[in-house]
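All of the numbers you see were taken from the coordinates with simple rules; none came from a lab. All of these numbers come straight from a predicted model, not from anything done at the bench. Here the Cβ positions follow ideal geometry from the backbone for every residue, glycine too, while neighbour counts run over all protein chains shown.
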């Protein structure tokens, strides 16, 4: 399985300028290629090929006075920008033809130097490497200090250097993991569980365990509001405004990092303790349009389910996704009687058929658990191509 491992890097002042040059050159090549392809489409001409664009926009363009500064970036970074655009166009065409599942994808857009996130990808052709002292050696940049938080499971095939809106730099490596080694990291278990997601309690398990929602954005809201007020008072275009903007971005990044770290730990714990996990397919986009939009975005259920998906596939666990129209909250988990739809303010209810008193969320988790077991027994696939138990 291919995974991305990201690490914080700390380039010096001169190295930051070299990286900014690589970001700019890759962006210009992307925009030039996008403009040529759009013009060809409007004129009814064939779609320009990557090889032809590479020759005209990189090799020949470096010989002109207008694009001579493209030599400041490694050629592999520029060629990778064209390959990334090929993938973007392919995803767009597959989306409109129905070959790609999920929501529709927009066609590639022009990039701006004012974009707060900049990136450049280095491939093996650029001869980048990791030195014996643990530094990242990049062409035309030099040796960059890296904060290693864990070891790479294998030799990376590429590295993407990213500058985020908070002005921080990261190195993102693409690595291949060994399935045999991944299976040994998880203990053997036969436990199965149903997981219901909520706002008051983030996770409700079919065992009855409830994990409170940390509400990362709500906790950081006071600090973010203070930083945004300071930003609104700065003169537009000034250096003080840019400093204040970075302060706001760092406050948001702090909340996002805390959320991501907590979700990783919780999803790994769930996968470690259970062989089969059942969750509900959520319509997050629809829920985010309601009165609880901020809380729904803060919860980031979609990212949490995505973590469960790839960890199930990596560690040989089974993840079953039940359709969103399954009435998990409306069925008595004891006698299967369905009294009807319950208002959201009703958190506990009594089954009129068997008299069982139900906690709304715990009952939903138990129903999801039972439905997931039935789907796995009948070999009905969920949305995740993970092994079934």
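The Rg/Rh ratio for segment 142-291 is 1.05, where Rg is the radius of gyration of the alpha carbons and Rh is the Kirkwood radius.
Each listed q (0.14, 0.15, 0.17 Å⁻¹) maps to a log10 I(q)/I(0) for segment 2-177, found by the Debye formula over equal Cα scatterers with no solvent: -0.83, -0.94, -1.15. Once the Cα atoms are used to define both axes, helix 360-377 deviates from the longest principal axis of the chain by about 80 degrees.
How fast does segment 1-58 diffuse by Stokes-Einstein, in µm²/s, taking the Kirkwood radius from C-alpha pairs at 10 °C and 1.306 mPa s?
On the way: Rh = 14.2 Å.
Answer from the Stokes-Einstein relation: 112 µm²/s.
Only one item in [x] 5, 22, 32, 24, 13, 4, 0, 0; [y] 4, 17, 24, 25, 18, 9, 3, 0, 0; [z] 5, 24, 31, 20, 11, 6, 2, 0 matches P(r) over Cα pairs in 10 Å bins from 0, in percent derived from the coordinates shown, and that item is [y]. Relative to the longest principal axis of the Cα atoms of the chain, the long axis of helix 301-315 makes an angle of roughly 90 degrees.
What do you get for the angle between helix 216-232 and the principal long axis of the chain? Use alpha-carbon atoms, 0 to 90 degrees, nearest ten. Compared with the principal axis, the helix lies near 40 degrees.
Rounded to the nearest 0.05, the FRET efficiency derived from the C-beta distance between residue 297 and residue 127 at R0 = 51 Å is 0.75.
Applying Stokes-Einstein at 4 °C and 1.567 mPa s to the Kirkwood radius of segment 264-381, computed over alpha-carbon pairs, gives a translational diffusion coefficient of 83 µm² s⁻¹.
For the chain, what proportion of DSSP beta bridges, expressed in % and rounded to the nearest 5, is antiparallel?
80 percent
For segment 19-86, the spread of Cα coordinates along the three principal axes comes to 36, 24, 17 Å, biggest extent given first. Size check on segment 91-134: the Cα extents along the three principal axes, sorted descending, read 48, 28, 17 Å. Across segment 182-377, counting alpha-carbon atoms alone, Rg and Dmax equal 20.3, 69 Å.
Once each part is reduced to its C-alpha centroid, what is the distance from segment 14-82 to segment 256-298 in angstrom? The two parts, judged by their Cα centres, are 39 Å apart.
Protection proxy ranking for 298-305, 11-18, 53-60, using the average of other Cβ atoms within 10 Å per residue and placing the highest first: 298-305, 53-60, 11-18.
Between residue 137 and residue 374, what FRET efficiency follows from the Cβ-Cβ distance if R0 is 41 Å, with the result rounded to 0.05?
Values: r = 54 Å, r/R0 = 1.33.
Efficiency at R0 = 41 Å is approximately 0.15.
Kindly rank 129-141, 26-38, 344-356 from highest to lowest mean number of other beta carbons found within 10 Å of each residue. Write down the numbers at each step before the final one.
Working: 129-141: 15.5, 26-38: 18.8, 344-356: 11.8.
Per-residue mean Cβ counts within 10 Å order the peptides as 26-38, 129-141, 344-356.
For the chain, what is the mean residue ellipticity at 222 nm derived from helices alone (per DSSP H run of n ≥ 4: -39500 (n - 2.57); sum divided by total residues; nearest 500 deg cm²/dmol)? Could you put the intermediate results ahead of the total?
Numbers: 10 runs with 160 residues, N = 389.
Taken over the chain, the calculation gives -13500 deg cm²/dmol.
In the chain, Cα pairs under 8 Å separated by at least six residues give a relative contact order of 15 percent.
For the peptides 217-230, 188-201, residues were scored by their other Cβ atoms within 10 Å and the scores averaged per peptide; the highest-first order is 188-201, 217-230.
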